[in-house]
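Asker: Could you have a look at this structure, given as structure tokens, before my questions?
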Amino acid sequence: MTETKLSELDNPLYSLAHLTLINCTPAELVYVAARAGYDAVSPRFITMNVPGEFTHAPLDKAQVQAT
């Protein structure tokens with residue numbers, strides 16, 4: 001392996017999945033993940049009818065700017 005690939009293995013990225021906090025908006029998910037020290041998030045922008053899932057449109061302009 002090259003040195004770059006070895007360093008990537010030593011420093012994995014941690015991502016917070018939206019299912020962990022399904023009732024949060026994408027902006028709230030980013031905020032919580034940042035405060036908790038995560039490197040990334042995997043937000044859901046399309047509702048999947050999961051119990052507790054957000055019921056508002058997740059892509060309004062203010063939320064996109066907040067994230």
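Laboratory data are not the source of any read-out in this text; all were calculated from the coordinates shown. From a predicted model like this one, the values you see are computed outputs, not experimental measurements. Glycine gets a Cβ as well: all are built from the backbone with ideal geometry, and neighbour counts include every protein chain shown.
Asker: How much net charge surrounds LEU21 when only the other residues with a Cβ under 15 Å from the Cβ of LEU21 are counted, with Lys and Arg +1 and Asp and Glu -1?
Answerer: Values: positive: ARG35, ARG44; negative: GLU28, GLU53.
After counting each charged neighbour, the total is 0.
Asker: Explain nothing, just compute: Karplus ³J(HN,Hα) = 6.51 cos²θ - 1.76 cosθ + 1.60, θ = phi - 60°, for every residue of the stretch 26-43 in order, whole Hz, x for Gly and Pro.
Answerer: Going residue by residue, I get x, 5, 5, 4, 4, 4, 4, 4, 5, 5, 8, x, 6, 8, 7, 9, 10, x Hz, with x marking Gly and Pro.
Asker: Would you please give the residues with an amide H less than 5 Å from that of VAL41, counting only those at least 5 places away or on a separate chain, with H modeled from the backbone geometry?
Answerer: Those lying under 5 Å, H to H, from VAL41 are LEU16.
Asker: Using packing as a proxy for protection, rank 17-24, 34-41 so that the peptide with the highest average count of other Cβ atoms within 10 Å comes first.
Answerer: Numbers: 17-24: 15.8, 34-41: 11.9.
Peptide ranking by packing, descending: 17-24, 34-41.
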